[in-house]
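**Q** My questions will all concern the structure given below.
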Amino acid sequence: MEFLNYHHLRYFWTVAKEGGLTRAAAKLHVSQPTISAQIQALEGALGEKLFRRAGRNLVLTDVGQQVLAYAEEIFAIGQDLLNAVKLRPTSRPMRVNLGVADALPKPVTYHLIKPIFSLPQPVQVSCWEASVSDMLIELASYRLDVVLADEPASSGVTTNVFNHLFGESGVTFCAAPELARKLEGRFPKCLNGAPALLPMANSGLRRSLEKWFHAVGIRPRLLGEFYDPALVNVVALHGQGFMCVPTIVVNEVVDQFGFKVIGQTDACRQQFYAITPERRLTHPAVTAITSAGGSGLFVKP
C-alpha cells in the first residue's frame, strides 16, 4: 500500500516557502544534504521532479506547484487540528454536528442554537433530524456533538450521556381562523369533540396532553398524530384541526402562519433538553448553547 511520508513533505514545503536550501536548512536546523536527501526521497515516492535548477536557484516544476498547493492545505489543517484540540482560535470554520429530535418545534430549535452564530469564530453547522434513540447512538460514537430534545435521555441508555435541562413551557392551542371561530366558547370545554392534530403517542408532550385532557374532562377527536411539528403547521393551516404550540414561541407561530389562539394552559408542560456525551463540555459551540439556556425563553421548573 502506498502512503505519503509527511516528514519528507514538510522538508519540501519549507524549501518551497523559504526559497532555497540554505534558508530552509537554517529554519529547520539541519544540514543542506539532509534536506536534499529528504526531497529526493519524496520525488522518488511521487515519481516526479519537484524542483528544477534556474541558474543558482531552485524553481518549482509544474508538479512541484501542485504538490505545494496540497502541502499548504495539509499543514494548515494540521495546525487547525492542534488549535481545535487546545481550544485555540483556528482559521477554519468550527464544525458542530447537531442532532434535533423530530418532535422539537422549529422556532424553539432556532432559539436554542442561535448563540453559536454569535461566536467570534465562524461556525459550520451540520443539523440532523431523527428519533432521539437513533441520535443517542450517534452521540455515543461522537458523530454528534449534542442532541436537542423535548425529553431527557432515559436511564436505560447504556452509554454515559448527560441531560442539560433548558427549562419548560406551557402549551397554547391554535387553529386556522375559520376553525378557531367555530371553536369559540368556554376554554377548554370548546376542545371537546374538536378535530385534534397531536404529537405521537410515545412523546412526552402527548402524554402530558392526555393527562390534562383527562383532568379537565374533555375528549378531542383525534384527526392525526405527527412526529414533525412543521407538518402539523401545514395541516392546521388548511383548517383540518387544532394544534398545540409551546407558549414561549406562540407569537412567532401565529405571526408566521396566521393562526388564531383558542386558549392556553400551564398545567400541560413541555420540557427542553440538550443531551451531550460528556458532563464537562469542551466544544465551544455546545458550551454556547447550554450556557445561553434558551436566551431566557423558559420558566425553570
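**Q** Return yes or no: is S208 in contact (Cβ under 8 Å) with a residue 40 or more places away in the chain and either more than 25 Å from the chain's Cα centre (by Cα) or not assigned by TED's automatic domain parsing to the domain that holds V253 (or both)? Spell out how you get there, then give the answer.
**A** Numbers: in contact (Cβ under 8 Å) with a residue 40 or more places away in the chain: yes; either more than 25 Å from the chain's Cα centre (by Cα) or not assigned by TED's automatic domain parsing to the domain that holds V253 (or both): yes.
Spelling it out, S208 is indeed in contact (Cβ under 8 Å) with a residue 40 or more places away in the chain and either more than 25 Å from the chain's Cα centre (by Cα) or not assigned by TED's automatic domain parsing to the domain that holds V253 (or both).
**Q** Being in the same structural domain as A37 (by TED's automatic domain parsing) and surrounded by 17 or more Cβ atoms within 10 Å (Cβ to Cβ): is that true of L81 here?
**A** Values: in the same structural domain as A37 (by TED's automatic domain parsing): yes; surrounded by 17 or more Cβ atoms within 10 Å (Cβ to Cβ): no.
It is false that L81 is in the same structural domain as A37 (by TED's automatic domain parsing) and surrounded by 17 or more Cβ atoms within 10 Å (Cβ to Cβ).
**Q** Residues of the range 121-151 being in contact with a His (Cβ under 9 Å, 6 or more places away or on another chain) and not in a strand (DSSP E or B), which ones? Let's see the steps before the verdict.
**A** Restricting attention to the range 121-151, the residues satisfying the condition of being in contact with a His (Cβ under 9 Å, 6 or more places away or on another chain) are 145-146.
Once the filter is applied, which keeps residues that are in contact with a His (Cβ under 9 Å, 6 or more places away or on another chain) and not in a strand (DSSP E or B), the range 121-151 yields only D145.
**Q** Just checking, does the range 165-179 include any residue being among the acidic types (D, E) and over 13 Å from C244 (Cα atoms)? Reasoning before the result, please.
**A** First, the residues of the range 165-179 that are among the acidic types (D, E): 168, 178.
Among the residues that remain, those that are also over 13 Å from C244 (Cα atoms) are: 168, 178.
Yes.
**Q** Let me ask you something else. Among the helices (runs of 4 or more DSSP H) confined wholly to the range 187-301, which include 1 or more residues that are under 26 Å from S154 (Cβ atoms)?
**A** Values: elements: 204-216, 229-237, 250-257, 284-292.
Result: 204-216, 229-237, 284-292.
**Q** Give me the residue from the range 114-124 that is of a type in the set (A, V, I, L, M, F, W, C) and in contact (Cβ under 8 Å) with a residue 60 or more places away in the chain and, out of that set, nearest to A285 (Cα to Cα). It would help to see each step written out before you state the result.
**A** Filtering the range 114-124 for residues of a type in the set (A, V, I, L, M, F, W, C) gives 116-117, 119, 123.
Add one more test, that the residue is in contact (Cβ under 8 Å) with a residue 60 or more places away in the chain, and what stays is 116, 119, 123.
Values: I116: 5, L119: 8, V123: 8 Å.
Taking the candidates together, the pick is I116.
The values are calculated or read from the model by the stated rules, or taken from the named source; none is laboratory data. No experiment lies behind these values; they were computed from the predicted model shown. Here the Cβ is made from the backbone with ideal geometry for all residues, glycine too, and neighbour counts use every protein chain on show.
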